[in-house]
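> Before we start, here is the structure in question, set down as structure tokens.
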Amino acid sequence: MTLLDTDAVNRLRDSLERIDYRTDAILEVIGEVGQRGLGRNTTVAAQTSLGSRDDPLAATVRLWLLRSPVPVTQLSALPLDDLVTAGIVAVEDDWARAAIDIRPYDSPDDGATGWVVSDLAPGLDKVVTATRPDYVLGVSPASTSLAQMTSRRPVGSALDLGCGCGVQSLHLARHAGRVVATDINPRALAMAELSLALSGVETTDGSAVALREGSLYDPVDQRFDLIVSNPPYVMSPPRSDAERLVYREAGFAGDGLVEAVLRGAPGRLNPGGTAQILANWAQIGDQPWQDRLTDWVAGAGCDLWAVEREHLDVHEYIETWLTDAGLDGSAQWRPRYQEWLDYFGELGISGVSMGWLTLTAAGRDTPDLSFEEWPWAIQQPVGEAVGARAEGVEDSLLGDEDLLAGHWQVREDVVAESTGRPGAADPEHIVYRQRSGLRRAMEVDTLLGGVLGACDGEMALGTIVSAVARILAVDPSAAAAQTLGPVRTALREGILERS
């Protein structure tokens, strides 16, 4: 399924560039207030800002962003015949309406830029519309979160598992030598193909991104340096294929899809490779969610770093996704709610975790398993911190002698903060705090503060510990024993790094 051939893609791209259908130009014509309104899924503020403006950019904004009927005569800058033939725009009585969404995409984080093609977002201006089962979601908070948490270090190969409209592949094509993008939904692949082609990324086998249809890892038989996935993880009651929303529901029981993604990743990773997954996973009864994930990676030989960003009770979770399906205020709300409650009761689901799963093929005999609950604010994009963490974990697992012989330095984004009573000779608290990434903080005592403060990469850790111990009149062996544990934590959490 191809929406536009190569010539038509080129004509459309040239048109969009000529009228400057780009994020900055659109923001200029609809204003900050209009942009915020669109973020709330309402067009009134943007319509007010546009006023009676009559030019190709304003007409194109009305067509796709505001979804207003636009006179055909105002769209002469676009290759309208191509768009109508492809079903992207519908024309009736000399008025054009958008049937498929096209909007600019510009990431300030890594420079990814272009246009993203998807189905029209439901619920615009509070108008309830039916969502087709093979609906293709556009840029969403979830896809943005995954893009921001993905490490952008150069890799030879990457897999975009469940690519949807192609947002992650657009980013991956900038730092991966070869990208494979898969999806079970043919419409999603068609829209991803157009998204990438409009953005100047080739999408055939042997080119920047190869698109393949199929479920999970079935379409691929090779290994990758990086796997990213925002899978359809919503734990909804069973539905027929005609009713199930493919973009968010995979037809697995409970969180079975996320389990399958996590279990299948080790067999598709190169040594040292990483899988980064944005997902939901269930808490069953009173079993700690950490134990559940531990079972999923048992015997895989991979490190796992699981970060729970939010935990919802079953009612919060159900209400979130019933609203997402456009059922808020409808007669179906209460019966569907009960259906979900009964389903969760059958599975024993008592709560749902929402967060990040990072799996690394570190090649250790005893994998490093780390679980965190981190609901606090972070500095986006967090991908650099996620990418650097594997090295910090590797260093933190060194033996005592190697750790003391190492040359470490405080990361550039870390500052030392002191607090205390005004006029006091010494501070009551000294905290080393990250200004980026997860914004972690580590409180230090006099000994540890002296050691970390001297870690500039010049001297070995053992030399620093001995020097600080002499100044504080502390036994060097005792100082080393007291310091090594916190130093390992500082390496793991990104306070320290190898010089």
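> Counting just the residues of the stretch 17-70 that are assigned to a helix (DSSP H, G or I) and among the charged types (D, E, K, R), which one comes out surrounded by the most Cβ atoms within 10 Å (Cβ to Cβ)?
Out of the qualifying residues, it is Arg62.
Table: residues versus (1) within 30 Å of Ala300 (Cα to Cα); (2) free of Cβ contacts under 8 Å to residues at least 24 places away in the same chain; (3) open to solvent by 50 Å² or more (accessible area, probe 1.4 Å).
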site	(1), (2), (3)
Leu369	yes, no, yes
Gln380	no, no, yes
Arg389	yes, no, no
Glu394	yes, no, yes
Leu403	yes, no, no
Ala424	no, yes, yes
Tyr432	no, no, no
Gly449	no, no, no
Met459	no, no, yes
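> If you take the residues of the stretch 320-367 that are among the aromatic types (Phe, Trp, Tyr) and within 27 Å of the chain's Cα centre (by Cα), which of them is most open to solvent (accessible area, probe 1.4 Å)?
The qualifying residue most open to solvent (accessible area, probe 1.4 Å) is Trp321.
> Now for a separate question. Restricting attention to the stretch 160-188, which residues are under 14 Å from the mean Cα position of the chain (by Cα) and in a strand (DSSP E or B)?
Asp160, Leu161
> Counting only residues that are among the small types (Gly, Ala, Ser) and touching a residue at least 40 places away in the same chain (Cβ under 8 Å), which one in the stretch 469-499 is surrounded by the most Cβ atoms within 10 Å (Cβ to Cβ)?
Of everything passing the filter in the stretch 469-499, Ala490 is surrounded by the most Cβ atoms within 10 Å (Cβ to Cβ).
> Within the set of pairs 6 or more residues apart or between chains, which connect a residue that is open to solvent by 10 Å² or more (accessible area, probe 1.4 Å) inside the stretch 151-172 to a residue that is at pLDDT below 95 and acidic (Asp, Glu) with Cβ atoms less than 8 Å apart?
Ser151/Glu384; Arg152/Asp109; Arg152/Asp110; Arg152/Glu384
> Quick check on this structure: which one of Leu57, Leu75, Leu80, Leu66 is in contact with a Phe, Trp or Tyr (Cβ under 7 Å, 6 or more places away or on another chain), modelled with pLDDT of 95 or more and not aromatic (Phe, Trp, Tyr)?
Leu57
> If a residue must be touching a residue at least 60 places away in the same chain (Cβ under 8 Å), under 19 Å from Ala361 (Cα atoms) and not polar (S, T, N, Q), how many such residues does the stretch 259-291 contain?
Within the stretch 259-291, residues that are touching a residue at least 60 places away in the same chain (Cβ under 8 Å), under 19 Å from Ala361 (Cα atoms) and not polar (S, T, N, Q) number 12.
> Another one. For the stretch 397-421, enumerate the residues that are over 14 Å from Ser499 (Cα atoms) and either in contact with a His (Cβ under 6 Å, 6 or more places away or on another chain) or of a type in the set (Gly, Ala, Ser) (or both).
Residues satisfying the conditions are Gly399, Ala416, Ser418, Thr419, Gly420.
> Something else about it: Could you say whether any residue in the stretch 231-240 is open to solvent by less than 50 Å² (accessible area, probe 1.4 Å), within 16 Å of Ala181 (Cα to Cα) and touching a residue at least 60 places away in the same chain (Cβ under 8 Å)?
yes
> If you don't mind, there's one more thing I want to ask. Restricting to the stretch 130-150, name every residue that is touching a strand residue (DSSP E or B) at 6+ places or on another chain (Cβ under 7 Å) and open to solvent by 10 Å² or more (accessible area, probe 1.4 Å).
If the condition is that a residue be touching a strand residue (DSSP E or B) at 6+ places or on another chain (Cβ under 7 Å) and open to solvent by 10 Å² or more (accessible area, probe 1.4 Å), then Leu137, Gly138, Val139, Ala142, Ser145 are the ones that fit.
> Would it be correct to say that Met442 is over 19 Å from Arg488 (Cβ atoms), surrounded by 14 or more Cβ atoms within 10 Å (Cβ to Cβ) and among the hydrophobic types (A, V, I, L, M, F, W, C)?
Taking the combined requirement at face value, the residue does not satisfy it.
> Sticking with this structure for a sec: If Ala96 meets every condition in (1) in contact with a helix residue (DSSP H, G or I) (Cβ under 7 Å, 6 or more places away or on another chain); (2) part of a strand (DSSP E or B); (3) surrounded by fewer than 20 Cβ atoms within 10 Å (Cβ to Cβ) apart from one, which number is that one?
(3)
> Filtering the stretch 330-368 down to residues that are charged (D, E, K, R) and part of a loop (DSSP other than H, G, I, E, B), which residue is modelled with the highest pLDDT?
Per the stated criteria, the residue is Asp368.
> Identify all residues within the stretch 267-319 that are modelled with pLDDT under 95, surrounded by 16 or more Cβ atoms within 10 Å (Cβ to Cβ) and assigned to a loop (DSSP other than H, G, I, E, B); write none if there are none.
Ala300
> Looking only at the stretch 140-159, count how many residues are outside any loop (DSSP other than H, G, I, E, B) and either over 13 Å from the mean Cα position of the chain (by Cα) or farther than 17 Å from Pro231 by Cβ (or both).
Summing the residues that are outside any loop (DSSP other than H, G, I, E, B) and either over 13 Å from the mean Cα position of the chain (by Cα) or farther than 17 Å from Pro231 by Cβ (or both) in the stretch 140-159 gives 6.
> Next up: Please state which one of Ser236, Ser215, Ser240 is under 16 Å from Ala279 (Cβ atoms) and part of a loop (DSSP other than H, G, I, E, B).
Sole residue among the options that is under 16 Å from Ala279 (Cβ atoms) and part of a loop (DSSP other than H, G, I, E, B): Ser236.
> List the residue pairs whose Cβ atoms are under 7 Å apart, where the first residue sits in the stretch 309-322 and is over 25 Å from Met149 (Cβ atoms) and in contact (Cβ under 8 Å) with a residue 24 or more places away in the chain, the second is of a type in the set (D, E, K, R) and open to solvent by less than 70 Å² (accessible area, probe 1.4 Å), and the two are 6 or more positions apart or on different chains.
Short answer, once both residue conditions are applied: none.
The values are calculated or read from the model by the stated rules, or taken from the named source; none is laboratory data. Bear in mind the structure is a predicted one, so any value in this text is a computation, not a measurement. Every residue, glycine as well, gets a Cβ built from its backbone with ideal geometry; the counts of neighbours run over all protein chains shown. For the accessible areas, the whole protein counts, side chains as well, though only heavy atoms, and no ligand, DNA or RNA atoms are used. Shrake-Rupley method; radii C 1.70, N 1.55, O 1.52, S 1.80 Å.
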